[in-house]
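The values are calculated or read from the model by the stated rules, or taken from the named source; none is laboratory data. Being a predicted model, the structure only gives us computed values, none of them experimental. So basically every Cβ, Gly included, is an ideal-geometry build from the backbone, and we count neighbours across all protein chains shown. Side chains are part of the model used for accessible areas, which takes the heavy atoms of the whole protein and leaves out ligands, DNA and RNA. Shrake-Rupley method; radii C 1.70, N 1.55, O 1.52, S 1.80 Å.
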Amino acid sequence: MQKVGDILKKFDKEKDKFISHEFQKYGYDLAEELGDLKNKSLYIKLAKTVPRGFLETARNFVKDAYNVKNKAALFLWKLKELKTNYVAKRKLH
């Protein structure tokens, strides 16, 4: 997870002038990293609604994967898997 100071250092007034919340910046950066800028609104919504731990775990999974053709699809698949496992564990307890 990034520190607020690190995010502010990377903040570009011209490029990021329409970003007013941290989750918007995180979602945009995630979309950029996954090469899926056309769906940046999806990643911004995920950054707002999904716990950051899930997003970071899925993001690191994609980073560690080798020879991935579609990083966005792999990210969304892993995120779905993480959520499913979390719900299944909660039902057991």
Note to self: If you take every residue apart from residue 78 with its C-beta less than 13 Å away from the C-beta of residue 78, what net charge results, scoring Lys and Arg +1 and Asp and Glu -1?
What the structure shows: +2
Next item on the list: Calculate the all-directions average of the projected area of the stretch 20-93's alpha-carbon convex hull, and give it in nm².
Entry: 5.3 nm²
Checklist line | Rounded to whole Hz, the Karplus (6.51, -1.76, 1.60) HN-Hα couplings of the stretch 47-57, x for glycine and proline | finding: 5, 7, 9, 9, x, 4, x, 5, 5, 5, 5
Notebook entry, point to check: Over the stretch 45-93, what percent of the accessible surface lies on carbon and sulfur atoms, probe 1.4 Å?
Noted result: 55 percent
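For a quick protection proxy, order the peptides 47-57, 68-78, 24-34 by their average other-Cβ count within 10 Å, most packed first.
Peptide ranking by packing, descending: 24-34, 68-78, 47-57.
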